[in-house]
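Everything on this sheet refers to the single structure shown next.
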């Protein structure tokens, strides 16, 4: 179905209207790119980017979700060939019963493979397994000249596309290397951390023993409790590690949707008072220490997927996610950022901290060694713009960066200091798309 439609990101901000086409076969995709017009064309998956990365106001957007076939599965090599509109949810439901799990999972299953490549998504295991692009064996990329090129990691265009926000071409198919597992469960250790220093010490000392690690942080706590946290770490459970009652169905994966958020929530429902109350309950209910708890993959990785359209709870004004990374050694910067949030009383319903491992080869890939903090912040507070500008300055001064897949407000002048390989990426993009056929609202805003 083709129609003019208002599109927005998961944060429900800055909608723009585009001509949206449902993806057809390869011949149809080539035609859509050739006929894109002056405002260009962009592929879109499930719209899970928070800002304007998957929007192309006034231009053409190709909805890739109809290209959702799994083309081949080899359980021996763990290689899977898929069309780019396949979601991580589809892959898990199909492949977990076969003993294969996605190599990298963000906090939601509602991401297409094409989107995962474009944003070079990361998860709780970056310190061990890197980001999504590391596990892409090859991809077929529809370029601006109408050719479909098969790219492998030996190609510079491959790495310009991984993390390239859909601006080098349209990913049509990809071959992925999955992760072999014995069950659809994880063994999880949980620890309550009294403050930020306690948390950083525990993660620094112990993360190498775990495949997955993430911490929830109370960004409203202050004083001696600044940065109090709940640290959750784990690894895939083997068959022998499961209780006997689960072993006969160890690879079953049937995550359920428990609720649907109503379409109307009042603005301001998530404020300092309500978030502070939630944070107190969440921190107190967490065990001081619990070892070896068996959790399903859905519960451990994707708890919010159980509530459909949960982004509605932020009200009609929407929200933004602010995610940055600062290098190891810049812990004082991380602390100042959390102090600024606490002092301002800026509520963040979801605030999580992770440690990134080695940097990948994607020119615009976000992860780099250091501490990454992600914050969901409701829009509407008069102080928010100034607060985020000050956080930007701290991040840039420390040699850090912000995640383009989450961004909805950065300026063009701030991108180059954050992404030192930007000019190299621009040169590769110019070589394959000299007229800028592939573009987006994000690309225009940031001058990419």
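The values are calculated or read from the model by the stated rules, or taken from the named source; none is laboratory data. Please read all numbers here as calculations on a predicted model, not as lab measurements. Positions of Cβ are backbone-derived with ideal geometry, glycine not excepted, and every protein chain shown enters the neighbour counts.
Of the residues 392, 407, only one is farther than 18 Å from residue 170 by Cα, within 23 Å of the chain's Cα centre (by Cα) and part of a helix (DSSP H, G or I); which?
392
So is residue 248 closer than 30 Å to residue 88 by Cα and touching a residue at least 60 places away in the same chain (Cβ under 8 Å) or not?
On the way: closer than 30 Å to residue 88 by Cα: yes; touching a residue at least 60 places away in the same chain (Cβ under 8 Å): no.
No.
Anything in region 152-178 that is surrounded by fewer than 23 Cβ atoms within 10 Å (Cβ to Cβ), in contact with a strand residue (DSSP E or B) (Cβ under 6 Å, 6 or more places away or on another chain) and within 15 Å of residue 361 (Cα to Cα)? List them, or say none.
152, 157 - these are the residues of region 152-178 that are surrounded by fewer than 23 Cβ atoms within 10 Å (Cβ to Cβ), in contact with a strand residue (DSSP E or B) (Cβ under 6 Å, 6 or more places away or on another chain) and within 15 Å of residue 361 (Cα to Cα).
How many of the residues in region 53-67 are under 12 Å from residue 112 (Cα atoms) and surrounded by fewer than 24 Cβ atoms within 10 Å (Cβ to Cβ)?
Number of matching residues: 3.
From the list 306, 330, which one is touching a strand residue (DSSP E or B) at 6+ places or on another chain (Cβ under 9 Å) and surrounded by fewer than 18 Cβ atoms within 10 Å (Cβ to Cβ)?
Working: 330 fails: surrounded by fewer than 18 Cβ atoms within 10 Å (Cβ to Cβ).
Only one candidate qualifies: 306.
Being on the phi > 0 side of the Ramachandran plot, outside the structural domain of residue 239 (by TED's automatic domain parsing) and either modelled with pLDDT of 95 or more or within 13 Å of the chain's Cα centre (by Cα) (or both) is true for just one of 107, 146, 85. Which residue is that?
Details: 107 fails: on the phi > 0 side of the Ramachandran plot; 85 fails: on the phi > 0 side of the Ramachandran plot.
Sole residue among the options that is on the phi > 0 side of the Ramachandran plot, outside the structural domain of residue 239 (by TED's automatic domain parsing) and either modelled with pLDDT of 95 or more or within 13 Å of the chain's Cα centre (by Cα) (or both): 146.
Of the residues 380, 399, 431, 386, only one is assigned to a helix (DSSP H, G or I) and assigned by TED's automatic domain parsing to the domain that holds residue 338; which? Walk me through it before giving the result.
Numbers: 380 fails: assigned to a helix (DSSP H, G or I); 399 fails: assigned to a helix (DSSP H, G or I); 431 fails: assigned by TED's automatic domain parsing to the domain that holds residue 338.
Checking each option against the conditions leaves just 386.
Go through (1) surrounded by fewer than 19 Cβ atoms within 10 Å (Cβ to Cβ); (2) over 30 Å from residue 21 (Cα atoms); (3) in contact with a helix residue (DSSP H, G or I) (Cβ under 9 Å, 6 or more places away or on another chain); (4) at pLDDT below 95 one by one and return the number of the condition residue 218 breaks.
The number of the failed condition is (1).
Are any of the residues in region 223-239 farther than 30 Å from residue 328 by Cα and part of a helix (DSSP H, G or I)?
Yes, the conditions are met somewhere in region 223-239.
Does residue 415 meet the test of being in a helix (DSSP H, G or I) and within 22 Å of residue 217 (Cβ to Cβ)?
Taking the combined requirement at face value, the residue does not satisfy it.
Report whether or not residue 320 is in contact with a strand residue (DSSP E or B) (Cβ under 9 Å, 6 or more places away or on another chain) and assigned to a strand (DSSP E or B). Spell out how you get there, then give the answer.
On the way: in contact with a strand residue (DSSP E or B) (Cβ under 9 Å, 6 or more places away or on another chain): yes; assigned to a strand (DSSP E or B): yes.
So residue 320 passes the test.
Would a scan of region 255-273 turn up a residue that is surrounded by 13 or more Cβ atoms within 10 Å (Cβ to Cβ), assigned to a helix (DSSP H, G or I) and assigned by TED's automatic domain parsing to the domain that holds residue 200?
Scanning region 255-273, I find at least one residue that is surrounded by 13 or more Cβ atoms within 10 Å (Cβ to Cβ), assigned to a helix (DSSP H, G or I) and assigned by TED's automatic domain parsing to the domain that holds residue 200, so the answer is yes.
Please determine, by comparing only the residues of region 28-52 that are free of Cβ contacts under 8 Å to residues at least 60 places away in the same chain and out of contact with any strand residue (DSSP E or B) (no Cβ under 9 Å at 6 or more places or on another chain), which one is surrounded by the fewest Cβ atoms within 10 Å (Cβ to Cβ).
Here the residue is 38.
Inspect all residues belonging to region 3-26 and state whether any of them is outside the structural domain of residue 257 (by TED's automatic domain parsing), farther than 30 Å from residue 181 by Cα and assigned to a helix (DSSP H, G or I). Steps first, please.
Filtering region 3-26 down to residues outside the structural domain of residue 257 (by TED's automatic domain parsing) leaves 3-26.
Among the residues that remain, those that are also farther than 30 Å from residue 181 by Cα are: 3-26.
Now restrict to residues that are assigned to a helix (DSSP H, G or I): 26.
The answer is yes, given that some residue of region 3-26 is outside the structural domain of residue 257 (by TED's automatic domain parsing), farther than 30 Å from residue 181 by Cα and assigned to a helix (DSSP H, G or I).
Quick test of your reading of the structure: residue 370 fulfils all but one of (1) on the phi < 0 side of the Ramachandran plot; (2) surrounded by 18 or more Cβ atoms within 10 Å (Cβ to Cβ); (3) at pLDDT 95 or above. Name the failing condition by number.
Of the numbered conditions (1) on the phi < 0 side of the Ramachandran plot; (2) surrounded by 18 or more Cβ atoms within 10 Å (Cβ to Cβ); (3) at pLDDT 95 or above, the odd one out for residue 370 is (1).
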